[in-house]
1. Once the convex hull of the C-alpha atoms of the range B:169-303 is built, how many Å³ does it hold per residue, rounded to a whole number?
2. Taking R0 as 30 Å, what's the FRET efficiency between residue A:271 and residue A:249 from their Cβ-Cβ distance, rounded to 0.05?
3. Using a Förster distance of 51 angstrom, determine the FRET efficiency expected from the C-beta separation of residue A:235 and residue A:361, and round it to 0.05.
4. Quick one: order A:260, B:243 by neighbouring beta-carbon count within 10 Å, fewest to most.
5. Using only alpha carbon positions, build the gyration tensor of the range A:107-215, then give the equivalent ellipsoid semi-axes as the square roots of 5 times its eigenvalues, largest first, whole angstrom.
6. What is the fewest-to-most order of B:72, B:242 by other Cβ atoms lying within 10 Å of their Cβ?
7. Please list B:279-289, A:69-79, A:187-197 highest first by mean number of surrounding beta-carbon atoms within 10 Å per residue.
8. Using 1/(1 + (r/R0)^6) with R0 = 22 angstrom and r between the beta carbons of residue B:225 and residue B:167, what's the FRET efficiency to the nearest 0.05?
Amino acid sequence: MAQTMTAEPAAPQRRFNWQFTDIFVALGIVLLIVGAWGMWTRLTQGLAPTELNSYVPWGLWVGFYDYLVWLEVGSLLVFTTSVYLVGYKPLARLKPTIYFTGFVVLLMALIIVLLDLGHPARFLNVYLYPDFGSMITWMVWLHTAYLIILAVKIALAINKKPANGAANDRILRILAYVSLPMGLALIIVSGSIFGVVTARPLWNTSSLPLMFLISSLAAGSGLITLLAVLFWPDKQSGEYRQVIGRLARLTAWLLLVGAFAAAVIGFTFLYQGSPARADAVMLILTGPFWWSFWVVHLLLGVGVPLLILFAQSEKPVWVGAAAFLSVITFVAVTLNIVIPVLATPELENLALSYVDPKMNYNYVPNLVEWLLIMFILGLGSLAYGLGMRWLPVKPTQ
Amino acid sequence: MTQDDKLLDKALAGDDSSRRSFLAKFASGVFAGLVAPALMGEAQAVSAAPAEQAQQDLVPLPDLPDAVEGEHPVVRMMQDLRRALQKPMAERKWAMVIDLRKCTGCNGCNIACVTENKLPPGVTYRPVMTETSGTFPNVKRRFVPRPCLQCNNPPCVPVCPVHATYMRPDGITIVDYDRCIGCRYCMTACPYSARYFDFGNFYGDSEGGERQPYELLPTPEYGRDYDRASGASPIGNVRKCHFCIHRIERGDLPACVLSCMGRATYFGDMNDPTSLVSELIAQPNVMRLKEELGTDPKVFYLV
């Protein structure tokens, strides 16, 4: 408990003890209030008020879902690999923080994708009548298992009873080894959801699941770096600077590898012999939302962070800023994977064959969709702030 | 059978059994009636040569497709259909043939489909695409109706996480409205954009008024009355053309087939070698959409 009562009869201290993490609570409340109308509209009117339609059936929400999955799985993969496989022990201090962050991010992702369903209550059908030939089935089942493992991990990581210490560590180690291939499978399945769709040439490549893996590692590494900068307990120590320096270099190299791989794939697709793919790539590069790729992702998400991470890797504040930029702009990547491909007509003359607002290729997310995202982010932010305050999930001393 | 149909049958049953020759004769007669008075008026001064020249200068008649011989196509398709229904379901394969040379782009099939299945705004199982090619003045236009192509290897089926969409033994891919979770994965997987999401819209709502009585009628799809006016399924579900399966199973042709004024759409059992569709599919001028994907559609286009 943050407040302790003294035995003295003196007046108890009623002054609220503000903590840094209360920013998340405040931000959460603001976002919940702002986004409430979006949530209310979704709950009362279904998907009709959105700009989703029969030709572009997935949009902002699916893009955000994938973004959050990248953050969650990527951060856990980087952490587990660093601590349990590579043996970089100093990072283990972030264990409860990273597990808890991953848990909250995963919950947000699942709520968003649940609300994207036409019949959210029927999500149980995926457990009752599963078709394991579908990537979505695998995704749901893996997510469920991952959520349970993560909950157990958090429970064990915050259990401070000394008597249970060794046993907890052993179970945590086993769970880490289990969750490593599971996390890999989850991110590959997330990419394969798009990769197996033969109808969409830009998605239908064997490289897409691998791109998902590389991107999630880069995004996850950025998130861990940000968490380290925000929550490391003794920021004057040499260990802190060493950890930040290593995380900065790891994030920078993952960003570089991801950018290089994306460039190679993009140039291949732009070859004129595959017009269907080239059209979708050109829509990303020069379409109405060109800025989301060039400015948001490439400049703010890759270029600027790379400059900072290589030039200022010894300065934690700069590294934190770079990681923050990288993490928040990664959403442009998933949105650019999901939307332009669907906005490229499969049959050229279909668009004008029947004119209806729910049958068009000009998808732009509307206010309802953005407000719902704000509401879910607000929910996550509030839960995160409360958890950081009341649960022992801050980095251990 | 209407009087016009009887006349057509009679014409078809004559010495010149093809429609082309029938039309050629008809056009020649009309032409003769038009030019004869003029020619007769100058018969004294003009020799026969200009008349022959006029005949030679005529633009040749368009290369119209041959009509189907024998019984009226609708009668024949009905007989094919009822014969197929006598067989076990797995032994029949429903197929559709669309003659693009006959399609006028009237959208009658589309409207008939919307009416039959009580489709809401934003859901249409059979849009008619207009394809324009060439540069002015050498411009060509053709109309391509696009129902669900009822693929033999449907990419929409394996992606469904809950087995809500599947191919029946007779080759028709359907959606179980009671199981579909509305994830729309199948929509992204269909290479023909032939799946639609029911967002729960009503025509009356968009007009700002009240819902019209025709919108409150239940949809008879799959032989059940789905009352979407109550807010239940198929709202929130993916919907698609099912070849009017509820009509087929009571011995009727799909609404789009019956409503086609140009008799451009044919339907039947492609597993029956004597059926009309089998006969049409056997022609060399048959094509299917995006054959390179290997989806093996059961909707064939005559070009």
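1. Details: hull volume 21.5 nm³, N = 135.
Residue-normalised Cα hull volume stands at 159 Å³.
2. 0.30
3. FRET efficiency, residue A:235 to residue A:361: 0.50.
4. The order, fewest Cβ neighbours first, is A:260, B:243.
5. 32, 18, 11
6. Listing B:72, B:242 from fewest to most nearby Cβ atoms yields B:72, B:242.
7. Details: B:279-289: 14.2, A:69-79: 27.8, A:187-197: 22.9.
With the highest mean Cβ count within 10 Å placed first, the list reads A:69-79, A:187-197, B:279-289.
8. Efficiency, from the Cβ-Cβ distance: 0.35.
Since every read-out is calculated from the coordinates, none of them should be taken as a lab result. Keep in mind it's a predicted model, so treat the numbers as computed, not measured. Counting neighbours? That spans all protein chains shown, and the Cβs are built from the backbone with ideal geometry, glycine included.
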